[in-house]
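Here the structure comes first, spelled out in structure tokens, and everything after it is commentary.
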Amino acid sequence: MSDAGSTDGRQSRWLEHKLERRGQILDAALAVIEDSPHGAEIHVSQIAARAGLSRPVIYRHFADRADLDQAVQTHILDSLRGRLTPQVVLSGSVDEIILRIVSTYVDWAAEHPNLHRVAAQDFAGVATTSPLQTAVQQIAAELSGLISLAADVLVVELDDDDRAALDPLALGLVSLAISAVQLWLARPERQPTAEVLSRLLTDTIWYAIDGHTRARGVTLDPHLPLEDLIEASWTAAR
């Protein structure tokens, strides 16, 4: 084996080791956050102890505390997106699609309130390059794509201005849900229930979509199975 080949192999193993160690640290950080009292400050020493590492080892993998905090936020949001993305599909009625996405988010937040707090703690004044803003924009883009696809299959005519407005509309709907859940989680008693909150958010999102479709001369039944809704839309368009 050549020296170059040996060097490449060592570099590959070292990179793999670094990624594994970084993941170990981030998993430990999430565990500490989950187990801590609401609002408690999280110290690097706690994360190091949970990961079975020394504090200096943590900073071999992160430039500083801000870098670690951003990585933790990203790790949390990746976990949430892993739950959400499979739900963003055209399956079921319009109401079922919206409720499925919303309830998945609300249920995750209810199960992991501390993780949600850390992920969304700077939501009100979030920087454009923050992990949260990136995740919100990605989820909004997926939702925008879903709305655009639904408009096409349901024969809802959208002009260039309509399509250009889909991203801001989707971003507004995602931001609305985050703000509502953030306030809900902060209440001493979590009322209404997660089920009721999911229903309220679903209805609110539907009212926005319904208003826009009606303004374009299209009336949709949100409880009709999508295949029947498509057939009805195509029949009406003939």
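At an R0 of 25 angstrom, the distance between the Cβ atoms of A180 and I42 translates into a FRET efficiency of 0.45. The calculated FRET efficiency for the pair D159 and D67, based on their C-beta separation and a Förster distance of 41 Å, comes to about 0.40.
Roughly speaking, what % of Cα-Cα pairs in the chain are separated by over 34 Å, rounded to a whole number?
Value for the chain: 32 percent of Cα pairs lie more than 34 Å apart.
Within the chain, the longest segment free of exposed loop sites, counting GluC sites (Glu not before Pro) that fall outside DSSP classes H, G, I, E and B and have at most 13 other Cβ atoms within 10 Å, spans 42-156. Each Lys and Arg Cβ is given +1 and each Asp and Glu Cβ -1; about its Cα centre, the range 1-62 then shows a dipole of about 220 debye.
Largest GNM mean-square fluctuation among V106, V89, V136, using the chain with Cα springs under 10 Å: V89.
Suppose only helical runs count, i.e. DSSP H with n ≥ 4. What mean residue ellipticity at 222 nm does that imply for the chain under -39500 (n - 2.57) per run, divided by all residues and rounded to the nearest 500 deg cm²/dmol?
After summing the helix terms and dividing by the residues of the chain, the value is -25000 deg cm²/dmol.
Assuming charge only on the beta carbon of Lys and Arg (+1) and of Asp and Glu (-1), the dipole of the chain about its Cα centre is about 1000 debye to the nearest 20. For the range 1-62, the equivalent ellipsoid derived from the Cα gyration tensor has semi-axes of 33, 10, 7 Å, listed largest first.
In the chain, a dipole from Cβ-located charges (positive for Lys and Arg, negative for Asp and Glu) runs towards its positive end, and of A177, Y59, Q137 it is Y59 whose Cα lies farthest in that direction. The angle between the Cα long axis of helix 94-111 and the longest principal axis of the Cα atoms of the chain comes to about 30 degrees, rounded to the nearest 10.
Which net charge results for the neighbourhood of Q46, defined as the other residues with beta-carbon distances under 15 angstrom from its beta-carbon, given Lys and Arg at +1 and Asp and Glu at -1? Surrounding charge for Q46 is -2.
None of the figures in this text is laboratory data; all of them are computed from the coordinates on show. These numbers were taken from a predicted model, which means no experiment stands behind them. Don't worry about glycine lacking a Cβ; one is built from the backbone with ideal geometry, like all the others, and counts go over all protein chains shown.
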